[in-house]
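Here's the structure, in structure tokens; my notes come after.
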Amino acid sequence: MNILVTGAAGFIGSAYVRLLLGDGLAEGPAVTRITVLDKLTYAGTLDNLDLADPRLRFVHGDICDAGLVDALTADADQVVHFAAESHVDRSIDSAAGFVRTNVLGTQTLLDAAVRHEVERFVHVSTDEVYGSVETGARAETDPLAPSSPYAASKASSDLVALACHRTHGLDVRVTRCTNNYGPRQFPEKIIPLFVTNLLDGREVPLYGDGRNRRDWLHVDDHCLGIDLVRAQGRPGEIYNLGGGTELTNRQLTDLLLAACGASAGLVRYVADRKGHDLRYSVRTDKARIELGYRPRHDLERGLAETVEWYRGNRAWWEPLKRRGPGR
Ligand code: NAD
């Protein structure tokens, strides 16, 4: 089977490719070839992929390039779609690139998938599409109420993908996960930004009063969930995936300070992010009951291992940190 994986030079897509090439795969036919399509934006790096593996083919290109997408999709049995502009702060500075890649790029892939009768299309989305959840947890059937331009572009792409299922009968499956953590996350997101700053004895900028709450999901647990959806999910369905570990940003920061052996004096409270959602929370019973989805990683241990990974892999993150504005 040939799988086209978009955006796999980034954080989660590259972990998913490692899962497919390893033996942590959900049941189903063996994957014989993986084609990665990635534009290598500031967030993508070939260091994330084992290009020596003969089952892996890398194609440098844009998911909005209809000709290229058509050619690659013609050759694919299934598509797993990660490629996106993914950082909320950047979408607040400028939303156009988010709408282009996340909405138009997804539609370009879907059009090609319909044309070539691709057997399955997994669209990777986010819990942020539900907006801020003051109490309780959102189910897959709850309305979308995104706050940031990033979340709005992801919600739009979810709707375009699900409409493609209803209109054309394409087997589309949507996943909506909570905040991921783990090795190889670009050092602009809160965990790798804070860890790499703390390892250098630098301050960490904590938004607002630090009381925003997020559920944390290890990237490998997320990838296993995605693969369960790909292998055993149902067409046209949405599956929430979460870690079941909710923390305020201040609690998270304290865990990172402890794991890095750093002083609380390095925490600097900064003006809050515009439109900052207070809390995200999803119900994951659908994936648990239908697919047997269970996150395996303990948060404290997973965070400690993540810190150790960044401690041991400066050669990976130092050049990336020089690329971005370090938000
Ligand atoms: P990332 O920013 O680390 O990687 C994105 C990858 O997509 C990069 O390799 C980049 O080069 C590529 N890309 C961007 N624009 C492209 C384009 N036009 N054409 C081809 N490739 C392009 O992102 P990530 O954290 O790995 O997120 C992957 C997916 O998971 C995204 O769809 C994101 O919305 C979703 N998601 C992420 C999280 C999280 O916590 N990181 C949470 C929920 C959902």
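Mean Kyte-Doolittle of at least -0.5 plus a Cα span of 20 Å or more along the axis: flag which DSSP H helices in the chain meet both, please.
Values: long enough: 149-168 (28 Å, -0.05).
Correct list, ordered by number: 149-168.
Enumerate the whole-percent occupancy of each 10 Å bin, from 0 to the last occupied one, for all C-alpha pair distances of segment 279-327.
For segment 279-327, the pair-distance distribution reads 20, 26, 29, 23, 3.
From the C-alpha gyration tensor of segment 69-129, pull out the three semi-axes of the equivalent ellipsoid (sqrt of 5λ each), sorted largest to smallest, in whole Å.
Taking √(5λ) for each eigenvalue gives 25, 12, 8 Å, largest first.
Alpha carbons only, please: Rg and Dmax for segment 149-256, in angstrom.
For segment 149-256, the Cα radius of gyration and maximum Cα-Cα distance read 17.0, 54 Å.
Explain nothing, just the number: relative contact order of the chain, from Cα pairs under 8 Å at least 6 residues apart, as a whole percent. It would help to have the intermediate numbers written out before the result.
On the way: 666 pairs, mean separation 61.8, N = 327.
RCO, the chain: 19 percent.
Give the residue list of trypsin sites (Lys or Arg not before Pro) in segment 163-214 that are DSSP loop and have at most 16 other beta-carbon atoms within 10 angstrom.
Working: sites: ARG166, ARG173, ARG176, ARG184, LYS189, ARG202, ARG211, ARG213, ARG214; in loops: ARG184, LYS189, ARG202, ARG211.
The qualifying sites are ARG202, ARG211.
Principal axis extents for the chain, Cα atoms only, whole Å, descending order, please.
57, 44, 38
What whole-number volume per residue, in cubic angstrom, does the convex hull of the C-alpha atoms of segment 18-72 give? Don't skip to the end; give the middle numbers.
Details: hull volume 6.0 nm³, N = 55.
Given the Cα convex hull of segment 18-72, per-residue volume reads 109 Å³.
What does the charge count around THR41 come to, taking other residues whose C-beta lies under 13 Å from its C-beta (Lys +1, Arg +1, Asp -1, Glu -1)? Let's see the in-between values first.
Working: positive: LYS39, ARG90, ARG100, ARG323; negative: ASP38, ASP62, GLU85, GLU188.
Surrounding charge for THR41 is 0.
Roughly speaking, to the nearest percent, how much of the chain's 1.4 Å accessible area is carbon and sulfur? Kindly include the intermediate steps, with their values, before the conclusion.
Numbers: 6480 of 13200 Å².
Carbon and sulfur atoms account for 49 percent of the accessible area of the chain.
Evaluate 2.2 N^0.38 Å with N set to the residue count of segment 56-200, then give the Cα radius of gyration divided by it.
Values: Rg = 16.4 Å, N = 145, 2.2 N^0.38 = 14.6 Å.
This ratio for segment 56-200 stands at 1.12.
Along the three principal axes, how long is segment 1-127 when you take its alpha carbons, biggest first, rounded to the nearest angstrom?
42, 32, 27
Over the Cα atoms of segment 131-190, what radius of gyration and what Dmax do you get, in Å?
Calculated on Cα positions, Rg and Dmax stand at 14.2, 40 Å.
Using only Cα atoms, locate the centre of segment 104-123 and the centre of segment 251-285, then give the distance between them in Å, rounded to an integer.
37 Å
Taking all pairs of distinct Cα atoms, average 1/r, flip it, and tell me the Kirkwood hydrodynamic radius of segment 232-327 in Å to one decimal place. All intermediate terms of the calculation are to be shown ahead of the outcome.
Values: mean 1/r = 0.0592 Å⁻¹.
That comes to 16.9 Å for segment 232-327.
The values are calculated or read from the model by the stated rules, or taken from the named source; none is laboratory data. Note that this is a predicted model, so its numbers are computed, not measured. So basically every Cβ, Gly included, is an ideal-geometry build from the backbone, and we count neighbours across all protein chains shown. The area values use the complete protein model at the heavy-atom level, side chains included, leaving out ligands, DNA and RNA. Shrake-Rupley method; radii C 1.70, N 1.55, O 1.52, S 1.80 Å.
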